[in-house]
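So the structure is just underneath, and the comments pick up after that.
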Amino acid sequence: MKCPVCGAVYRSAMSSALTCRRCKADLSDLIRLHDQAVWYHRQALYLVQHGNYAEAEANNKQALTMYSSNADFHALAGKLRALQGNFADAIASWQQALQLDSQNAIASTAMQMLNSCLNDQYLTEPDQQKKSE
Ligand SMILES: [Zn+2]
């Protein structure tokens with residue numbers, strides 16, 4: 001999470017202060033909003049594990065509305081869309097996650113898997129043609 005005033009990275013683990021360590025801006029509202037967004041995201045993760053994709057998506061959307069620059073939120077949005085068969089939107093979400101965090105594990109793994117699936121499909125096509133001849 002970054003300070004909107006000066007751009008310094010805020011790490012809640014480093015101190016319990018609700019002000020930016022660099023410019024001393026009051027970040028308490030932002031931190032509260034971020035915490036709420038994370039709570040919705042965690043609800044979404046729990047719902048995904050129980051197969052409740054529609055409610056998971058609603059919760060994750062709420063998280064994204066509150067705080068849109070968290071790569072994990074976008075990564076989960078992508079996963080939810082893929083689970084519901086919407087791969088075009090899933091790819092858009094994963095790309096957004098990777099834009100925010102190029103090391104995002106969920107999004108990069110998903111994109112790699114998707115790419116290898118598409119390659120496999122492409123590679124197996126000539127064999128299928130041979131069989132039908
Ligand atoms: Zn600052």
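Derivation of every value follows stated rules applied to the coordinates shown; laboratory data play no part. Predicted model only: the values in this text are computed from it and were never measured. Note that we place each Cβ from the backbone using ideal geometry, even for glycine, and neighbour counts take in every protein chain shown.
Among the candidates A17, A44, A58, the residue that is surrounded by fewer than 17 Cβ atoms within 10 Å (Cβ to Cβ), small (G, A, S) and assigned to a helix (DSSP H, G or I) is uniquely A58. Restricting to the stretch 1-60, and then to whatever is farther than 18 Å from D72 by Cα and of a type in the set (V, I, T), can you tell me which residue is nearest to the ligand (Cβ to nearest atom)? The residue in question is V5.
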